[in-house]
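In what follows, a structure is listed as structure tokens, so that the remarks can point back to it.
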Amino acid sequence: MRTVNPIDYYHFNPFVTGVNVATTEQIPSISELRPKDYIDTVQIFQGMTVLIKDQYNASENGIYVVTKNGLELAEWNLGDLIIVQMGEQNAYSAYQCTNKYIWTKRW
């Protein structure tokens, strides 16, 4: 059985997309996140993408784009596989959307 490097899989698979960073815990107020805040030891900036996956209210989970005014919800589909690019805990991890608002770690 051949082992697939996650980075190679990400770069050569058109069904995989990436985010810059992913949450490691519940965020008290998504609406208060702003550029220059930190997620998983990474300072977020305008234009970055964030996978929020640990909210107690699952409908707040999803992929967001950082704007100058905070976070804007992006689009995703059931079954999407997301590779996280940065972070102390989540760099090179993969999460799959297994339910409308549930993201399951795959590696």
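Among residues other than Ile30 with Cβ under 14 Å from its Cβ, the summed charge is -4 (Lys and Arg +1, Asp and Glu -1).
Amide H of Arg106: which non-local residues (sequence gap of 5 or more, or other chain) have their own amide H closer than 5 Å, using H built in the peptide plane? Here the answer is Ala94, Tyr95, Gln96, since their amide H atoms fall under 5 Å of that of Arg106. Summing charges over all other residues whose Cβ lies under 10 Å from the Cβ of Gly70, with Lys and Arg as +1 and Asp and Glu as -1, gives -1.
For the stretch 47-107, the square roots of the Cα gyration tensor eigenvalues, ordered a ≥ b ≥ c, give a/c of at least 1.5 with a/b no greater than b/c, which places it in the oblate category.
Cα extents for the chain along the principal axes, largest to smallest and rounded to whole angstrom: 46, 26, 22.
I need the trypsin sites (Lys or Arg not before Pro) found in the stretch 36-107, filtered to DSSP loop residues with at most 13 other beta carbons within 10 Å of theirs.
Details: sites: Lys36, Lys53, Lys68, Lys100, Lys105, Arg106; in loops: Lys36, Lys53, Lys68, Lys100, Arg106.
Answer by residue number: Lys36, Lys68, Lys100, Arg106.
Using the Cβ of Ile102 as centre and a radius below 15 Å, the other residues enclosed give a net charge of +1, where K and R count +1 and D and E count -1. Restricting the GluC sites (Glu not before Pro) of the stretch 16-76 to loop positions (DSSP other than H, G, I, E, B) with no more than 14 neighbouring Cβ atoms within 10 Å leaves Glu25, Glu75. Only beta bridges with both residues in the chain are counted; by DSSP, about 75 percent of them are antiparallel.
Rule-based calculations on the coordinates, nothing more; no lab input. The structure displayed is predicted, hence computed values, not measured ones. Cβ: placed from backbone, ideal geometry, glycine included. Neighbour counts: every protein chain shown.
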